[in-house]
Amino acid sequence: MSGGGLSDRALIWGMAVTQLIGWGTLFTPFPLMVGPMEAELGWSRVTLNAAYTAGLLAAGLAAVPAGRWFDRHGAQGMMGLGTAAAALLLVAWSTVSHPIAFFAIWIGIGVAQAIGLWGIAMAVVVEQARDATRSITIISLVTGFTGTVFLPLTDALIGAFGWRGALQALAVLQAGAALITVLMLRHARRPAPPTAQAAARVPLRTRLREPAFLGLAICFAAHAFIATGLGAHLIPLLRERGWPEATVLLIAAAHGPAQVAARGLLFAAGRRVSLRRVGVIAAALVPVGMLALAAGPASLALTIVFVLAWAVADGLMTIIRAAGTAEILGREGYGTVTGALSAISVLPRTGAPLLLALLWDGLGGYGLVPWLLVAVGVVGAAGYAAAARVR
């Protein structure tokens, strides 16, 4: 890379702030918007969530072309467009009155995510940072507080201005994030031409056949399935077991702080640890946590083991997906590779809540669902272990 460019500190805090705002304005507010939108517009919860799912699918489908564009042209322009479009889409959401328009808005948000949020942002960090692992870990520590900041903020905005006014206020914040993104990327270093040419010589179809890529794809798809499945069903699952409501909410809320604590420990360890080995531990903790959830429906101790194991694994896996992928597969064609990994995970990510709901309905309860998650976790851990042994 050429000299000059962003310092790691400027890159870290620029990305941390813009990613915190991006996720906090686009995705965190959705559950809080459902009730007011149902009440005013008369739309069903199925319709609202179907549009949200369409956005996730659009993000997955757009990830590969976004990664290809990054490898060939860099993030300049693309990330600025994505973050600015996100602000405009929030304004459009605030004026929506027809379900078709709402679907179109969420498909647009999905594309904006693919070109302006985590995947491309981490590709920029891997390309630009002197110490990519440290930088990604710090960014992950900050973005781990997205819900802590934006859930109460959005709730207060809805109370003060209604859901439409709240979205317009969030759009102003997102416009500020877009401006920061544009200014930050103006100072980014340009990759040297030989690097870009080398990346172009590695076709995606070749990557798809690499054992390490396949192992990571299996691991990340399994993790996405469990994460979105638990995100939708953990609270009703715990309620079904007869836990007091305060205990249920405390167990669910403990995930965030434990996740951030795991990232903090990784940051403290610094260069003394290999992300390849950390990934093996994180992937192995997933089935351990799911087994504790499955084996101890009436045991508070095992439920605590589940919360800690799953939160630590989930917190570390965010970093592994970004920096660990570069360590295992290399940095050539990084944008395309991570885009393909994201695209492969899109069906497990979007299908898990529906599949678990169908199992709950068909089996008359959640009894066997945690055991399914154990099996998925074992497959994911095996996939990562296989990938980590390559090279």
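Summary table
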| quantity | calculated |
| --- | --- |
| Given (1) surrounded by fewer than 24 Cβ atoms within 10 Å (Cβ to Cβ); (2) under 15 Å from the mean Cα position of the chain (by Cα); (3) over 27 Å from I235 (Cβ atoms), index of the condition A311 fails | (3) |
| Cβ pairs under 6 Å, 6+ apart, first in segment 204-222 and at pLDDT 95 or above, second polar (S, T, N, Q) | F220/S345; A221/S345 |
| Selection count where residues are at pLDDT 90 or above and farther than 14 Å from T18 by Cα, scope segment 137-153 | 3 |
| Residue, modelled with the lowest pLDDT, within segment 223-246, restricted to residues that are touching a Ser or Thr at 6+ places or on another chain (Cβ under 9 Å) and over 17 Å from A292 (Cα atoms) | T228 |
| Enumerated helices (runs of 4 or more DSSP H) restricted to segment 215-330, each holding at least 2 residues that are within 27 Å of L355 (Cα to Cα) and outside the structural domain of T137 (by TED's automatic domain parsing) | 245-253, 255-269, 275-295, 300-319 |
| Residue in segment 151-161 that is closer than 28 Å to Q76 by Cα, crowded, with 23+ Cβ neighbours inside 10 Å and more than 14 Å from the chain's Cα centre (by Cα) present | no |
| Odd one out for A357, checked against (1) among the small types (G, A, S); (2) modelled with pLDDT under 90; (3) in contact with a His (Cβ under 8 Å, 6 or more places away or on another chain); (4) surrounded by 20 or more Cβ atoms within 10 Å (Cβ to Cβ) | (4) |
| Residue among A58, A50, A66 that alone is among the aliphatic types (A, V, I, L, M), in contact (Cβ under 8 Å) with a residue 12 or more places away in the chain, crowded, with 19+ Cβ neighbours inside 10 Å and over 26 Å from A132 (Cα atoms) | A58 |
| Candidates I158, I120, filtered to the one that is closer than 29 Å to P65 by Cα, in a helix (DSSP H, G or I), in contact (Cβ under 8 Å) with a residue 40 or more places away in the chain and of a type in the set (V, I, T) | I120 |
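The values are calculated or read from the model by the stated rules, or taken from the named source; none is laboratory data. As the structure is a prediction and not an experimental result, all values here were calculated from the model. So basically every Cβ, Gly included, is an ideal-geometry build from the backbone, and we count neighbours across all protein chains shown.
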